[in-house]
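Trainee: Please find one structure pasted underneath; my questions will follow.
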Amino acid sequence: MTAVTDRLARAVPRIGFVSLGCPKALVDSERILTQLRIEGYAVVGGYREADLVVVNTCGFIEAAQRESLDAIGEALAENGKVIVTGCLGKRESLIRERHPDVLAITGPHDYESVMRAVHAQLAPPARHPHLDLLPASGVKLTPRHYAYLKISEGCNHKCSFCIIPKLRGRLASRKIGEVMREAETLVRDGVKELLVVAQDTSAYGVEIKYAGAAWRGREYRTHITDLCRALGELGVWVRLHYVYPYPHVDEVIPLMADGRILPYMDIPLQHASPGILKAMRRPAAGEKALRRIEAWRKLCPDLTIRSTFIVGFPGETEAEFEELLAFIKEAQLDRVGCFTYSSVEGADANALPDHVPAEVAEERHRVFMETQAEISARRLKRFIGRELTSLVDSVSGSTALARSFADAPEIDGVVTVKTAATLKPGQFAQLRVTGAGQYDLEAVPV
């Protein structure tokens, strides 16, 4: 290090960063970190090296709120100067009651307020044109070969168990031209998998009447179908998350069958009983979902469906839980997560009668997951003997962890490769599947 760069490094304000919550919050963190780096701040990995710490919180359920409050407390104890942002920031009184010494509190996706709070404590440093270089896509908290592409903020649904609209507001879609420019930049910077996220991906563009825009000489609507067509032109994996099974989603399935986007869909169904779905204020019915899934699979047999469900919702009877079990047995979903109902301050479901005892909810969770594990194991056996294009996430010695089209990062299974000496992270590899468990596959290079 030269004397000039050494002097510059010592003068640069250093920011520590803690990112909690869902992929949408992760994108918020990436945007804040990018702006910090653009303005010349250094981002460091430890509390004690930092001049202050930013904590991006989650406030969706009570467990996430506790984790966020604990993270704020840890940052205060280790550093002393903390700015809080994110979903829990909407509950400033709760944060102030537990941690009165935080410097500032902002809500979710409020990047400007975060930067103003940083500026109030640490003035932006003088920049050096040859040292302050960033990739065009900005700072990413994911490995270089995949990235989350957030297409909208907020949600127009009024699910009784959820407070996301109160935290993040109503649906606000990004116009398709803006989204496609970001996607192109990510691909140019080496991203090989785009994970499309929103609170409700299927509703993309509805509040702006599917406004059109030109991209690569063609006109596209701000609509999920047109977005998938456009993303399919980029030559990378495209994976859809948080999809509601609206009728117009049928238009996306042919794009999956043709290999334009991955045959994978994350659909948060939450339950199957009509009574519970009505109490949840969910915009779908179990019987309609079954018919739609059946039709999708006829058109695209390799379609992998992930979903999440809640057991122990207020008023859920044993008969309604059995109805849910019957649904997952018939639906044969590939990837499933299950949560026991948890009261969230501000959620309308708190006022519903007949809350299910915790021990009953936990037992239902156990039975549900055991049932689904058997389904998952049967579904995965169909891959044994097949060759799958897989994306390598990591390599340790002669063992690699990769993912097929059926595996989203961090939430689904992996493909373990024991003879992987020639494989590298971020590489597409042809693998032959040799074994299957409840959630993961084993394979060898072809």
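Trainee: Take region 54-71 and flag every residue that is surrounded by fewer than 24 Cβ atoms within 10 Å (Cβ to Cβ) and either assigned to a helix (DSSP H, G or I) or free of Cβ contacts under 8 Å to residues at least 60 places away in the same chain (or both). Spell out how you get there, then give the answer.
Mentor: The initial filter retains those residues of region 54-71 that are surrounded by fewer than 24 Cβ atoms within 10 Å (Cβ to Cβ), namely 58, 60-67, 69-71.
Within region 54-71, Cys58, Glu62, Ala63, Ala64, Gln65, Arg66, Glu67, Leu69, Asp70, Ala71 meet the criteria.
Trainee: Still on this model: Starting from residues that are open to solvent by 20 Å² or more (accessible area, probe 1.4 Å) and small (Gly, Ala, Ser), keep the ones in region 253-311 and report whichever is modelled with the lowest pLDDT.
Mentor: By that ranking, first place goes to Ala284.
Trainee: How many residues does region 310-325 contain that are more than 15 Å from Ile61 (Cβ to Cβ) and aliphatic (A, V, I, L, M)?
Mentor: 3
Trainee: Kindly establish whether Ile83 is open to solvent by less than 30 Å² (accessible area, probe 1.4 Å), part of a helix (DSSP H, G or I) and under 30 Å from Ile411 (Cα atoms).
Mentor: Details: open to solvent by less than 30 Å² (accessible area, probe 1.4 Å): yes; part of a helix (DSSP H, G or I): no; under 30 Å from Ile411 (Cα atoms): yes.
In short, no.
Trainee: Report, by residue number, each residue of region 86-110 that is over 18 Å from Lys24 (Cβ atoms), part of a helix (DSSP H, G or I) and open to solvent by 10 Å² or more (accessible area, probe 1.4 Å).
Mentor: Those that are over 18 Å from Lys24 (Cβ atoms), part of a helix (DSSP H, G or I) and open to solvent by 10 Å² or more (accessible area, probe 1.4 Å): Glu92, Ser93, Leu94, Arg96, Glu97, Arg98.
Trainee: For region 1-22: of the residues being in a helix (DSSP H, G or I) and of a type in the set (D, E, K, R), which is modelled with the highest pLDDT?
Mentor: Looking at residues that are in a helix (DSSP H, G or I) and of a type in the set (D, E, K, R), I get Arg10.
Trainee: Here is a list of conditions, (1) within 27 Å of the chain's Cα centre (by Cα); (2) open to solvent by 70 Å² or more (accessible area, probe 1.4 Å); (3) touching a residue at least 12 places away in the same chain (Cβ under 8 Å), and Ser113 meets all of them except one; can you say which number that is?
Mentor: (2)
Trainee: For Ala71, are the conditions met, namely being hydrophobic (A, V, I, L, M, F, W, C) and out of contact with any Ser or Thr (no Cβ under 8 Å at 6 or more places or on another chain)? Reasoning before the result, please.
Mentor: Numbers: hydrophobic (A, V, I, L, M, F, W, C): yes; out of contact with any Ser or Thr (no Cβ under 8 Å at 6 or more places or on another chain): no.
Judged against the criteria, Ala71 is not a match.
Trainee: Give me the pairs, please: first residue somewhere in region 351-364 and under 12 Å from Glu318 (Cβ atoms), second residue anywhere and at pLDDT 95 or above and part of a helix (DSSP H, G or I), beta-carbon distance under 7 Å, and either six or more positions apart or on two chains.
Mentor: The qualifying pairs are Arg364/Phe321.
Trainee: Quick check: is even one residue across region 403-413 buried (at least 16 other Cβ atoms within 10 Å of the Cβ), over 22 Å from the mean Cα position of the chain (by Cα) and among the hydrophobic types (A, V, I, L, M, F, W, C)? It would help to see each step written out before you state the result.
Mentor: At the first step, the residues of region 403-413 found to be buried (at least 16 other Cβ atoms within 10 Å of the Cβ) are 403-409, 412-413.
Okay, now just the ones that are also over 22 Å from the mean Cα position of the chain (by Cα), so none.
No, region 403-413 contains no residue that is buried (at least 16 other Cβ atoms within 10 Å of the Cβ), over 22 Å from the mean Cα position of the chain (by Cα) and among the hydrophobic types (A, V, I, L, M, F, W, C).
Trainee: For region 331-358, enumerate the residues that are open to solvent by 50 Å² or more (accessible area, probe 1.4 Å) and within 30 Å of Ser404 (Cα to Cα).
Mentor: Phe339
Trainee: When you scan region 199-225, how many residues do you find that are modelled with pLDDT of 95 or more and in a loop (DSSP other than H, G, I, E, B)?
Mentor: 7
Trainee: Say whether the condition of being surrounded by 15 or more Cβ atoms within 10 Å (Cβ to Cβ), assigned to a helix (DSSP H, G or I), more than 21 Å from the chain's Cα centre (by Cα) and of a type in the set (Phe, Trp, Tyr) is met by at least one residue in region 314-322. Let's see the steps before the verdict.
Mentor: Filtering region 314-322 for residues surrounded by 15 or more Cβ atoms within 10 Å (Cβ to Cβ) gives 314-316, 320-321.
With assigned to a helix (DSSP H, G or I) added as a condition, the list becomes 320-321.
With the extra rule that they be more than 21 Å from the chain's Cα centre (by Cα), the set shrinks to 320-321.
Subsequent filtering for residues that are of a type in the set (Phe, Trp, Tyr) retains 321.
Among the residues of region 314-322, at least one is surrounded by 15 or more Cβ atoms within 10 Å (Cβ to Cβ), assigned to a helix (DSSP H, G or I), more than 21 Å from the chain's Cα centre (by Cα) and of a type in the set (Phe, Trp, Tyr), which makes the answer yes.
Trainee: Please state which of the following conditions Ile328 fails to meet, knowing it meets all the rest: (1) open to solvent by less than 30 Å² (accessible area, probe 1.4 Å); (2) in contact with a Cys (Cβ under 7 Å, 6 or more places away or on another chain).
Mentor: Going through (1) open to solvent by less than 30 Å² (accessible area, probe 1.4 Å); (2) in contact with a Cys (Cβ under 7 Å, 6 or more places away or on another chain) one by one, Ile328 breaks only (2).
Trainee: All but one of (1) surrounded by fewer than 16 Cβ atoms within 10 Å (Cβ to Cβ); (2) out of contact with any Pro (no Cβ under 8 Å at 6 or more places or on another chain); (3) within 21 Å of Val238 (Cα to Cα); (4) not aliphatic (A, V, I, L, M) hold for Gln430; which doesn't?
Mentor: Gln430 satisfies every listed condition except (2).
Trainee: In region 23-48, what residues are open to solvent by 30 Å² or more (accessible area, probe 1.4 Å), in contact (Cβ under 8 Å) with a residue 40 or more places away in the chain and assigned to a loop (DSSP other than H, G, I, E, B)?
Mentor: Glu39
Trainee: Same structure, new question: Taking only region 255-283 into account, find how many residues are outside any loop (DSSP other than H, G, I, E, B), over 26 Å from Asn350 (Cα atoms) and touching a Cys at 6+ places or on another chain (Cβ under 8 Å). Reasoning before the result, please.
Mentor: As a first pass, look at region 255-283 and keep what is outside any loop (DSSP other than H, G, I, E, B): 255-257, 264-266, 270, 274-280.
Filter once more, keeping what is over 26 Å from Asn350 (Cα atoms): 255-257, 264-266.
Going one step further and asking which of them are touching a Cys at 6+ places or on another chain (Cβ under 8 Å), we end up with 255-257.
Residues meeting the conditions: 3.
Trainee: Can you report the number of residues in region 315-350 which are on the phi > 0 side of the Ramachandran plot and of a type in the set (S, T, N, Q)? Before the answer, list the steps.
Mentor: Within region 315-350, the subset on the phi > 0 side of the Ramachandran plot is 315, 332, 346.
Those left that are additionally of a type in the set (S, T, N, Q): 332.
Here the count works out to 1.
Trainee: Mind counting the residues in region 333-360 that are more than 22 Å from Ile61 (Cα to Cα) and either touching a helix residue (DSSP H, G or I) at 6+ places or on another chain (Cβ under 6 Å) or in a helix (DSSP H, G or I) (or both)?
Mentor: 1
Trainee: Quick one: is Arg229 charged (D, E, K, R), touching a residue at least 24 places away in the same chain (Cβ under 8 Å) and crowded, with 23+ Cβ neighbours inside 10 Å? Write out each step before concluding.
Mentor: Details: charged (D, E, K, R): yes; touching a residue at least 24 places away in the same chain (Cβ under 8 Å): yes; crowded, with 23+ Cβ neighbours inside 10 Å: no.
No; evaluated as a whole, the condition is false for this residue.
Trainee: Of the conditions (1) open to solvent by less than 10 Å² (accessible area, probe 1.4 Å); (2) modelled with pLDDT of 95 or more, Ala420 clears all except one; give me its number.
Mentor: If we test Ala420 against (1) open to solvent by less than 10 Å² (accessible area, probe 1.4 Å); (2) modelled with pLDDT of 95 or more, just (2) comes out false.
Trainee: Tell me which residues, restricted to region 37-73, are within 10 Å of Gly16 (Cα to Cα) and among the small types (Gly, Ala, Ser).
Mentor: Ala42, Gly45, Gly46, Ala50
The values are calculated or read from the model by the stated rules, or taken from the named source; none is laboratory data. Nothing here was measured: the structure is a model prediction, and the numbers come from that model. Cβ coordinates were reconstructed from backbone atoms using ideal geometry, including for glycine residues, and neighbour counts include every protein chain displayed. Accessible surface is based on the protein model in full, side chains and every heavy atom, while ligands, DNA and RNA are left aside. Shrake-Rupley method; radii C 1.70, N 1.55, O 1.52, S 1.80 Å.
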